[in-house]
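Asker: Okay, handing you the structure first.
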Amino acid sequence: MSNESRNTIFIGKKPLMAYVTSTLIQLANLPAVYIKARGLSIGRAVDVAQIIARKTENAGYSIGEIKIGSESLESQDGRTRNVSTIEIEVKRNNL
C-alpha cells in the first residue's frame, strides 16, 4: 500500500462519523491526512474536516491547504460531464 493511499480518506456515502473516526485514527500515526471528495460528497468532506478541527482543537489538529478543481467523467449515457472535486488537508499542529 502506497503512502498516498494511507494518508488519504475518500468520502462516499457512509455515515459522517465513520469518516471522522477513520481520519482521527490516521492522524494518530501520520502528521497530515487528506480528505478527498467529489460531486455531492463535497459537503460531507467539509463537515468531516470541520468536526475534527473544532472538536479536537485541544488535541492540536487544524485544517491546512484546501484544493478545489474538477474532473471530466463519462456518464452512463456516454456524455462527458465535469464533476467538482475538493481535497482538504487536516494536520497535526507542531506545538
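The values are calculated or read from the model by the stated rules, or taken from the named source; none is laboratory data. Only a predicted model underlies this, so the values are computations on that prediction, with no experimental measurement involved. Glycine gets a Cβ as well: all are built from the backbone with ideal geometry, and neighbour counts include every protein chain shown.
Asker: As an exercise: evaluate Leu40 against (1) exposed (fewer than 14 other Cβ atoms within 10 Å of the Cβ); (2) touching a residue at least 24 places away in the same chain (Cβ under 8 Å) and give the number of the one condition it does not meet.
Answerer: Just one mismatch for Leu40, condition (2).
Asker: Please verify whether the stretch 80-94 includes one or more residues that are farther than 14 Å from Leu24 by Cβ and among the basic types (Lys, Arg).
Answerer: Yes; the residues of the stretch 80-94 include at least one that is farther than 14 Å from Leu24 by Cβ and among the basic types (Lys, Arg).
Asker: Ok, one more. Please tell me if Thr85 is over 18 Å from Ile9 (Cα atoms), in contact with an Asp or Glu (Cβ under 9 Å, 6 or more places away or on another chain) and either without any contact (Cβ under 8 Å) to a residue 12 or more places away in the chain or crowded, with 17+ Cβ neighbours inside 10 Å (or both).
Answerer: It is false that Thr85 is over 18 Å from Ile9 (Cα atoms), in contact with an Asp or Glu (Cβ under 9 Å, 6 or more places away or on another chain) and either without any contact (Cβ under 8 Å) to a residue 12 or more places away in the chain or crowded, with 17+ Cβ neighbours inside 10 Å (or both).
Asker: While we're here: Output the residues belonging to the stretch 64-73 that are out of contact with any Ser or Thr (no Cβ under 6 Å at 6 or more places or on another chain) and modelled with pLDDT under 95.
Answerer: Gly64, Leu73 - these are the residues of the stretch 64-73 that are out of contact with any Ser or Thr (no Cβ under 6 Å at 6 or more places or on another chain) and modelled with pLDDT under 95.
Asker: Taking Arg92 as meeting all but one of (1) loosely packed, with under 10 Cβ neighbours inside 10 Å; (2) in contact with a Pro (Cβ under 8 Å, 6 or more places away or on another chain), write down the number of the exception.
Answerer: (1) is the only condition that Arg92 fails.
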